[in-house]
Amino acid sequence: MAKDIRISSPLNGKLVPLNSINDPVFASGAMGRGVAVQNPKGQVFSPFDGEITVFFPTGHAIGLKSNDGIELLIHVGMDTVKMNGEGFTPKAEAGDKIKRGQLLLEFSPEAIKKAGYETTTPVVVTNHADYGDITVELDGQSVTAKAAAEEAASAGPVEDDDVIKSFASLPDAERVAKSIMHYVGGPDNVRTAEHCATRLRLIVNDKSKIQEKKIENIEGVKGQFFAAQQYQIICGTGFVDKVTEEFIKLKPSLAGGGGKEAAYAEMSLMQKISRTLGDVFVPIIPVLVATGLFMGCRGAILSMGSEWDPNFLLMTQVLTDTAFAFLPALVCWSTMNKFGGTAVIGIVLGLMLVFPGLPNAYVVGGSAAEIAEKGLTWVEASALPEYAGKTPIPLDLGFVTIPLVGYQGSVLPALVLGIFAAKFQQFLKTFIPDMIDLIVTPFLTLTVSMALGFLVVGPIMHGLESLVFGAVQNFLTIPILGGLIIGGLQQVIVIFGVHHVFSALEIYLLSTQGSDPFNAIITCATIAQGGAALAVSLKTQDPRKRALYISSTVPAFLGITEPAIFGINLRLMKPFMFGCVGGAAGGAVSSFLGLAGTGMGITVLPGMLLYMNGQILQYIIVNIIAFAVGFALTYTLFKHEE
């Protein structure tokens, strides 16, 4: 049996049952069980020892957690978030350790009333499912939350429609967030919340409590599905940020994050690998996108016969080549961030891998066959001037000679070395005294990691990288077949949430050959799904559904297919299959034409900027083919009543 708890009121005033206040969300218990304080005196005190988990910038709401696990939300007034902090003076901040009786906030009840809002303040335990009766006390007053819940029950249940209708006048983001919270089973059923470019991603405790059809019917929601162990609700680019912000306000403890960690625990091994690679490479992609865009624009200008001063051309090469020349530094930095190491150590370690005095591993590999034909060993060749910079530097350790090369443009050596360095640094911190930690830990981390990188990790991972990525690269260049298969299956891979694994491949392609044929193929897969979704939209007779479908289709032409896939095509299945056929057709033509972008990360309409170096016409052609096939098959063969 759950234990009963008693809490001191954090505000002075009159305690009243929660179901008596003029707010259907708090009154229904959707936010948790507790009480309300009428006519509060203008100060909020800590009711227990613990910490502040969240303190909203507007000052109107505070989330607390006691040392024994009680999670409390104090929401000063009704709709006071709209006051934007006017009349509120915080006396502490999120993350602070607090003592019972400590002053946390001062506010002006007069200012709240003058602004047209109520001062009645809900005080609720958000993890109330862990407890029995919840009693709040204040100067001889007491209200037990269980009794208040029973009174509400005796008055009849609060109907879903009544609750949702009460949200109708709210701003769109707040209305959608509160509706979603209601239909996913309330705050108690939500374990974590985060968002990506288009989707609110939740991990819930009990899937059976989710009312999926009602969530789909919320105006502003474009679809919902389960993937990668998360319940994902499509809200659209930009809007999802606002919805997530409002959603977290409904359960402040969600602001601490933890969504990724909880999702990782539920994923398959392949999904974990893909998500980890995504966490490492996604922060790097914006730099590579910017570099690729400029490279494409430069190519377009030069192709029109423009002549540039050699020094000016050199300056443009600084802009386009730097990111790839020092790619291991970026990868090491991002990896150290991901795995909990010190970022600056990752930067220095990555720069060591590309030290200018070391010969490029790819150049060394290219000259190996010629050296072997002449019957020379690499040690002998390194002494000849014609092979300067084309052979490893011999490191004589007395008992063995080690070949040293740099790893310019490599991905896997920097990735694995970054993981090792982060874990090794954490290990050192477990026993090195704080007094010398600042000096000894970075020294040992860099020294050991550098030695391991050049002697073990670098040679092994560079060889593996060349083997695996080289094989995929060769597959991509197979006329027609490579593009056909990848274009047809790429969006299937997106569904299973393992598409981030290709980020490493694209970076490898750009760093080794200066172009990305994979980008050209996946843009076909993307626009084909948009074509299929548009066909469904045009065949739909219901005006509301048509408007919803079209709004889900538009992002596909900007390179974001999730709203179209999960909101339309995959639910109806045949449009998704026809979209895959369109992607295969476009991919096959792209492969046949040898189409390749100068960057990565953007596709379809924005992706045109990556093909300004003389391939823009071919790019437009393959997009038209992919779109036309996906659209035509869906429009002619799919019946919407299916």
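The values are calculated or read from the model by the stated rules, or taken from the named source; none is laboratory data. Treat the numbers as computed from the prediction; the structure is a model and nothing was measured. Methodologically, a virtual Cβ is constructed for each residue, glycine included, from the backbone with ideal geometry; neighbour enumeration extends over all protein chains shown. Note: accessible area is taken over every heavy atom of the protein model, side chains too, but ligands, DNA and RNA are not part of it. Shrake-Rupley method; radii C 1.70, N 1.55, O 1.52, S 1.80 Å.
Of note:
- Residue match in the stretch 492-505 (condition: within 30 Å of Ile402 (Cβ to Cβ) and touching a residue at least 24 places away in the same chain (Cβ under 8 Å)): yes
- Number of positions in the stretch 532-587 that are touching a strand residue (DSSP E or B) at 6+ places or on another chain (Cβ under 8 Å) and open to solvent by 40 Å² or more (accessible area, probe 1.4 Å): 2
- Of all the listed residues (Pro413, Pro442), the sole one being of a type outside the set (Gly, Ala, Ser), in contact (Cβ under 8 Å) with a residue 12 or more places away in the chain and over 16 Å from Met461 (Cβ atoms) is Pro442.
- The single condition among (1) modelled with pLDDT under 85; (2) farther than 22 Å from Phe469 by Cβ; (3) small (Gly, Ala, Ser) that Ala325 does not satisfy is (2).
- Residue in the stretch 392-406 that is aromatic (Phe, Trp, Tyr) and surrounded by fewer than 18 Cβ atoms within 10 Å (Cβ to Cβ) present: yes
- Residue match in the stretch 113-136 (condition: modelled with pLDDT of 90 or more, farther than 26 Å from Pro24 by Cβ and not in a loop (DSSP other than H, G, I, E, B)): no
- Every pair of residues 6+ apart whose Cβ atoms lie under 9 Å, when the first sits in the stretch 586-597 and is under 13 Å from Thr523 (Cβ atoms) and assigned to a loop (DSSP other than H, G, I, E, B) while the second is open to solvent by 10 Å² or more (accessible area, probe 1.4 Å) and among the charged types (D, E, K, R): none
- His182 meets the stated requirement of being out of contact with any strand residue (DSSP E or B) (no Cβ under 8 Å at 6 or more places or on another chain) and open to solvent by 30 Å² or more (accessible area, probe 1.4 Å).
- Qualifying residue in the stretch 499-522 (condition: more than 30 Å from Gln317 (Cα to Cα) and either out of contact with any Asp or Glu (no Cβ under 8 Å at 6 or more places or on another chain) or open to solvent by less than 30 Å² (accessible area, probe 1.4 Å) (or both)): yes
- Pairs meeting the criteria (first residue in the stretch 274-285 and closer than 18 Å to Gly341 by Cβ, second residue open to solvent by less than 30 Å² (accessible area, probe 1.4 Å) and not in a helix (DSSP H, G or I), beta carbons under 6 Å, at least 6 apart or on different chains) are lacking.
- Annotation note: of Gly305, Gly292, the sole residue that is open to solvent by less than 70 Å² (accessible area, probe 1.4 Å) and in contact (Cβ under 8 Å) with a residue 60 or more places away in the chain is Gly292.
- When residues in the stretch 409-431 are screened for being aliphatic (A, V, I, L, M) and open to solvent by 10 Å² or more (accessible area, probe 1.4 Å), 4 of them pass.
- The stretch 512-524 - residue that is polar (S, T, N, Q) and in a helix (DSSP H, G or I) and, of those, nearest to Val354 (Cα to Cα): Thr512
- The set of residues in the stretch 598-614 being under 29 Å from Ile568 (Cα atoms), out of contact with any strand residue (DSSP E or B) (no Cβ under 6 Å at 6 or more places or on another chain) and in contact (Cβ under 8 Å) with a residue 60 or more places away in the chain consists of Gly601, Ile602, Thr603, Val604, Gly607, Leu609.
- The helices (runs of 4 or more DSSP H) located wholly in the stretch 159-274 that include 3 or more residues which are at pLDDT 75 or above, within 23 Å of Ala61 (Cβ to Cβ) and in contact with a helix residue (DSSP H, G or I) (Cβ under 8 Å, 6 or more places away or on another chain) occupy 172-183, 239-250.
- Flag for Val554 being within 26 Å of Met600 (Cα to Cα), β-branched (Val, Ile, Thr), modelled with pLDDT under 90 and part of a helix (DSSP H, G or I): yes
- Hey, Phe339 buried (at least 19 other Cβ atoms within 10 Å of the Cβ) and among the aromatic types (Phe, Trp, Tyr) or not: yes
- Count of the stretch 233-243 residues which are surrounded by fewer than 21 Cβ atoms within 10 Å (Cβ to Cβ) and either under 17 Å from Gly185 (Cβ atoms) or in contact with a His (Cβ under 7 Å, 6 or more places away or on another chain) (or both): 1
- For the stretch 143-153, the count of residues that are over 16 Å from Leu18 (Cβ atoms) and modelled with pLDDT under 90 is zero.
Each row is one residue, and each column tells you yes or no for (1) part of a helix (DSSP H, G or I); (2) under 21 Å from Met608 (Cβ atoms).
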| residue | (1), (2) |
| --- | --- |
| Leu484 | yes, no |
| Gly488 | yes, no |
| His499 | no, no |
| Leu510 | yes, yes |
| Ile527 | yes, yes |
| Ala533 | yes, yes |
| Phe566 | yes, no |
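- Selection from the stretch 39-79 of residues that are open to solvent by 30 Å² or more (accessible area, probe 1.4 Å) and either in a strand (DSSP E or B) or of a type in the set (Phe, Trp, Tyr) (or both): Gln43, Phe45, Glu51, Thr53, Lys65, Glu71, His75
- With a requirement of 1 or more residues that are touching a residue at least 60 places away in the same chain (Cβ under 8 Å), of a type in the set (D, E, K, R) and over 17 Å from Phe454 (Cβ atoms), the helices (runs of 4 or more DSSP H) lying completely within the stretch 313-405 that satisfy it span 327-338.
- Scanning the stretch 103-122 for residues being closer than 11 Å to Phe88 by Cβ and acidic (Asp, Glu) gives a total of 1.
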